[in-house]
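Accompanying notes for the structure given below.
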Amino acid sequence: MDKFRMIFQFFQSNQESFMNGICGIMALASTQMYSAFDFNCPCLPQYNLAYGLGILLVPPFILFLLGFVLNNNISMLAEEWRRPRGRRGKDAAVLRYMCCSMAQRAMIAPVVWLSVTLLDGKCITCAFCTSVPLESLGNASHPRLSQGELQRVLARIPCKEIYNGQQLIANEVAIRYLRCISQALGWCFVLLMTTLAFLVRSLRPCFSQAAFLKSRYWSHYIDIERKLFDETCAEHARSFAKVCIQQFFEGMSTDLEAARCHLPRKGPADAGEAAEKLLGITDQGTMNMALKSWHRCKPPLHLHPPAPPTGNGWAGEGKCPTHPSAPRKETAAYYSWV
Amino acid sequence: MDRFRMIFQYFQSNSESVMNGICGLLALASVKMYTSLDFSCPCLPQYNMAYGLGIMFVPPIILFLCGLILNRQSLVMLEEWRRPAGCRKKDPAVIRYMCSSIMQRAMVAPVVWIMVTLLDGKCLICAFSGSMDPQKFVGFANVSTEQVQQLLAKVPCKDDEPMRNSTSRKAVSRYLRCCSQALGWSILLILIVAAFLARWLRPCFNQATLLQARHWSNYIDIEQKIFEETCCEHSRLFAHKCILHFFESMQQEIKLHSFSLPRDGEEAEGGEGLLQGITDQDQVNKLLRTWYYEKPPLDVSQAHQR
């Protein structure tokens, strides 16, 4: 547990590290998904190509979109892009930086899927088994077959159990050939991606370092500002709720005392801290009524200012139309006791 | 747990240690990649050499580039190289030191891959089985030229029909594996001796320059990190101030537009102080709407002038 907490803290401390962590997890997830996936080539001429290329290309697209969905910053980017200008200008360079860094991270899992698929070879074998060069690989003395029949036989190459064209072309020869092509494609693809990544990373300091530092600072700033604003709003909501509920209980207790009208209020001398926290509600019936009232008639989202201790402060009270006026009168009356 | 934490902290504390850690991870990854790779030689005369040599040399290039990309110091070095001189002179010795240390670390994983490949032998068998002299092997001596090429190309594929129990195939395979392993061990020996000599002889030449270069390269790295951390801290403080001023300005706006009592005891309750004068659903909605439609300008000095 400690180990996980430390790793978690390390990733959380730095926003970029956190995103890199998610990136790595998605790459591992895509490898795991591929090995858990049960690949079943249909071994039929019309369906092989669609199935093979579908497995090769559709999951990367899904992983790419998932990379965007899991990235918290996508909503931040959208917000910054669509907000009205107001009193703060918009910097296109910052938006471009955010977009590029998100796209780069989202690309990693699809690239891993494509590489693993190509290096494994099953997809390409399934998709292109009907296109093997029979002239160079096939047996010289094979029977002449019609085009359709030939396609049907070749389509069964990936399915060793039902393959019946051994005299046409040996199954192992064809599979080895296709797998070799697939692995060559895979390694070339990985080499290309790595070279691109290397160029992008190493050319940047040579050309636009100052602009990059600026964009990076302001994109971090926007992120931090959004988080701090959310935290401040949460703090405010907490205080708001606290005062609202406190006023609700006070309102309830004064209501009930006005209704009962016989119990003298317990003097402050008697009130310890615990008694104060009871907010004047000290028996089961009162509490039940308070709970019922909370459910049936929640107070409005409007905090009235605290009553001044010496009486005449309600002259300007016309501002609160939705608040029931009855408790106010009682409050004024009771405070005038003191 | 304690041990793990100590190891983790040790690696984090020193940037060079982090780089060494990444280097080691890449080397392990290259071994793992090789063992999980399903090596299937095509066993065709035109393709064997390309496949065998491709598997031996393309992944090391990829691993080398990965080693450069994952190394933070390479960015630091490039920035130091390309920066305008400004008020601080550039020291080519420092840049050279950083460059050589980055290259050395990036070379480890490719060398590991090539070693593993050679010691395993499959790549060389696949690539060079077609180049063997058929006269040296009994089974291939009396076969026509085109056929011998086909047969030799099929040597790496043990399970194919014509080659299944052929002793000549086994002989060729053993011979090539032996050459491959000899080559692998020789290269490993040469590299280790070279590394040994370089490390032991280095203090005899230019030790002072080396110490300076190492110190200043560490300094540049640390300075870069601290600058980034300071920028993060600064943007956090900036955001904090900006939001506080926003809430204050909303509070003032609300006071101006509503005609409620001036509140004397406003700061009396600690809870209400946090509310910043915003105590109504409409006021909160207005605040949130203003935050979206009119974000405050990026200028926290205004508050001091108010």
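The values are calculated or read from the model by the stated rules, or taken from the named source; none is laboratory data. Treat the numbers as computed from the prediction; the structure is a model and nothing was measured. Methodologically, a virtual Cβ is constructed for each residue, glycine included, from the backbone with ideal geometry; neighbour enumeration extends over all protein chains shown. Calculation scope for accessible area: heavy atoms of the full protein, side chains included, ligands and nucleic acids excluded. Shrake-Rupley method; radii C 1.70, N 1.55, O 1.52, S 1.80 Å.
Which of (1) touching a Lys or Arg at 6+ places or on another chain (Cβ under 9 Å); (2) part of a helix (DSSP H, G or I); (3) more than 7 Å from every other protein chain (Cβ to nearest Cβ) does A:ARG179 not meet, given it meets every other one?
Of the numbered conditions (1) touching a Lys or Arg at 6+ places or on another chain (Cβ under 9 Å); (2) part of a helix (DSSP H, G or I); (3) more than 7 Å from every other protein chain (Cβ to nearest Cβ), the odd one out for A:ARG179 is (3).
Say whether the condition of being over 30 Å from A:PHE207 (Cβ atoms) and of a type in the set (Lys, Arg) is met by at least one residue in region B:110-123.
Yes - at least one qualifying residue is present in region B:110-123.
Report, by residue number, each residue of region A:204-243 that is at the interface with chain B (Cβ under 7 Å from one of its Cβ atoms) and touching a residue at least 60 places away in the same chain (Cβ under 8 Å).
Within region A:204-243, A:HIS220, A:PHE240, A:VAL243 meet the criteria.
Restrict the check to region A:152-174 and report whether at least one residue is open to solvent by 40 Å² or more (accessible area, probe 1.4 Å), hydroxyl-bearing (Ser, Thr, Tyr) and assigned by the TED database to the domain that holds A:TRP113.
Within region A:152-174, not a single residue is open to solvent by 40 Å² or more (accessible area, probe 1.4 Å), hydroxyl-bearing (Ser, Thr, Tyr) and assigned by the TED database to the domain that holds A:TRP113.
Give the residue that is farthest from B:LEU78 (Cα to Cα), with candidates limited to residues of region B:92-107 that are crowded, with 16+ Cβ neighbours inside 10 Å and among the aliphatic types (A, V, I, L, M).
Among residues in region B:92-107 that are crowded, with 16+ Cβ neighbours inside 10 Å and among the aliphatic types (A, V, I, L, M), the one farthest from B:LEU78 (Cα to Cα) is B:MET107.
Does at least one position in region A:42-58 carry a residue that is open to solvent by less than 70 Å² (accessible area, probe 1.4 Å), over 25 Å from A:ARG226 (Cβ atoms) and either of a type in the set (Asp, Glu) or part of a loop (DSSP other than H, G, I, E, B) (or both)?
Yes, that holds for at least one residue.
Among residues belonging to region B:183-212 that are farther than 14 Å from B:GLN104 by Cβ and small (Gly, Ala, Ser), point out the one that is surrounded by the fewest Cβ atoms within 10 Å (Cβ to Cβ).
B:ALA208
Residue-by-condition table, conditions (1) among the hydrophobic types (A, V, I, L, M, F, W, C); (2) over 24 Å from the mean Cα position of the chain (by Cα); (3) closer than 28 Å to A:ALA93 by Cβ:
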{"site": "A:ILE222", "(1), (2), (3)": "yes, no, yes"}
{"site": "A:LYS227", "(1), (2), (3)": "no, no, yes"}
{"site": "A:GLU235", "(1), (2), (3)": "no, no, no"}
{"site": "A:LYS242", "(1), (2), (3)": "no, yes, no"}
{"site": "A:ILE245", "(1), (2), (3)": "yes, yes, no"}
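Would you please list the contacts, defined by Cβ atoms under 7 Å and residues six or more apart or on different chains, that run from a residue in region A:118-132 that is within 16 Å of A:SER30 (Cα to Cα) to a residue that is β-branched (Val, Ile, Thr)?
Pairs found: A:LEU118/A:ILE124; A:CYS123/A:ILE55; A:CYS123/A:THR117.
Please count how many residues of region A:90-129 are open to solvent by less than 30 Å² (accessible area, probe 1.4 Å), assigned to a helix (DSSP H, G or I) and under 23 Å from A:CYS41 (Cα atoms).
Of the residues in region A:90-129, 11 are open to solvent by less than 30 Å² (accessible area, probe 1.4 Å), assigned to a helix (DSSP H, G or I) and under 23 Å from A:CYS41 (Cα atoms).
Only one of these conditions is not met by B:ASP38: (1) open to solvent by 40 Å² or more (accessible area, probe 1.4 Å); (2) assigned to a helix (DSSP H, G or I); (3) within 25 Å of B:CYS23 (Cα to Cα). Which number is it?
Tallying (1) open to solvent by 40 Å² or more (accessible area, probe 1.4 Å); (2) assigned to a helix (DSSP H, G or I); (3) within 25 Å of B:CYS23 (Cα to Cα), B:ASP38 fails exactly one: (2).
Would you please name the residue that is farthest from the other protein chains (Cβ to nearest Cβ), looking only at residues in region B:26-60 that are among the polar types (S, T, N, Q) and out of contact with any helix residue (DSSP H, G or I) (no Cβ under 7 Å at 6 or more places or on another chain)? Break it down into steps so the answer makes sense when it comes.
So the first thing to find is which residues in region B:26-60 are among the polar types (S, T, N, Q), and the list is B:30, B:35-36, B:40, B:46, B:48.
Within this subset, residues satisfying the condition of being out of contact with any helix residue (DSSP H, G or I) (no Cβ under 7 Å at 6 or more places or on another chain) are B:35-36, B:46.
Numbers: B:THR35: 13, B:SER36: 9, B:GLN46: 9 Å.
This residue is B:THR35.
Are there any pairs, at least 6 apart or on different chains, whose C-beta atoms fall under 6 Å, with the first in region B:61-88 and over 21 Å from B:GLU228 (Cβ atoms) and within 7 Å of chain A (Cβ to nearest Cβ) and the second at pLDDT 90 or above and open to solvent by 40 Å² or more (accessible area, probe 1.4 Å), and if so, which?
Note: pairs meeting the criteria are B:ILE62/A:LEU191; B:LEU65/A:PHE198.
Within region B:134-156, how many residues are within 40 Å of the chain's Cα centre (by Cα) and either surrounded by fewer than 22 Cβ atoms within 10 Å (Cβ to Cβ) or of a type in the set (D, E, K, R) (or both)?
Counting residues in region B:134-156 that are within 40 Å of the chain's Cα centre (by Cα) and either surrounded by fewer than 22 Cβ atoms within 10 Å (Cβ to Cβ) or of a type in the set (D, E, K, R) (or both) gives 2.
Looking at B:GLY54, B:GLY24, B:GLY67, can you tell me which residue is modelled with pLDDT of 90 or more and more than 20 Å from the chain's Cα centre (by Cα)?
B:GLY54 is the lone residue from the list that is modelled with pLDDT of 90 or more and more than 20 Å from the chain's Cα centre (by Cα).
Among residues belonging to region B:119-133 that are hydrophobic (A, V, I, L, M, F, W, C) and part of a helix (DSSP H, G or I), point out the one that is surrounded by the most Cβ atoms within 10 Å (Cβ to Cβ).
At the first step, the residues of region B:119-133 found to be hydrophobic (A, V, I, L, M, F, W, C) are B:119, B:123-128, B:132.
If we keep only those that are part of a helix (DSSP H, G or I) as well, we get B:119, B:123-128.
Values: B:LEU119: 15, B:CYS123: 25, B:LEU124: 22, B:ILE125: 22, B:CYS126: 30, B:ALA127: 22, B:PHE128: 21.
Only one residue fits best here, namely B:CYS126.
Can you tell me which residue among B:MET49, B:MET19 is crowded, with 16+ Cβ neighbours inside 10 Å, under 15 Å from A:ALA184 (Cα atoms) and not aromatic (Phe, Trp, Tyr)?
Exactly one residue qualifies, and that residue is B:MET49.
Evaluate the following for B:LEU210: is it at pLDDT below 85 and part of a helix (DSSP H, G or I)?
No; evaluated as a whole, the condition is false for this residue.
With the condition kept exactly as written, say whether any residue in region B:160-173 is within 14 Å of chain A (Cβ to nearest Cβ), more than 29 Å from B:TRP113 (Cα to Cα), in a helix (DSSP H, G or I) and open to solvent by 60 Å² or more (accessible area, probe 1.4 Å). Break it down into steps so the answer makes sense when it comes.
Filtering region B:160-173 for residues within 14 Å of chain A (Cβ to nearest Cβ) gives B:160-164.
Filter once more, so that each one left must be more than 29 Å from B:TRP113 (Cα to Cα): B:161-164.
Filter once more, so that each one left must be in a helix (DSSP H, G or I): B:161-163.
Cutting the leftovers down to open to solvent by 60 Å² or more (accessible area, probe 1.4 Å) gives us B:161-162.
For region B:160-173, residues within 14 Å of chain A (Cβ to nearest Cβ), more than 29 Å from B:TRP113 (Cα to Cα), in a helix (DSSP H, G or I) and open to solvent by 60 Å² or more (accessible area, probe 1.4 Å): present.
Looking at this structure, is B:LEU176 out of contact with any Ser or Thr (no Cβ under 6 Å at 6 or more places or on another chain), on the phi < 0 side of the Ramachandran plot and in contact (Cβ under 8 Å) with a residue 12 or more places away in the chain?
Spelling it out, B:LEU176 is indeed out of contact with any Ser or Thr (no Cβ under 6 Å at 6 or more places or on another chain), on the phi < 0 side of the Ramachandran plot and in contact (Cβ under 8 Å) with a residue 12 or more places away in the chain.
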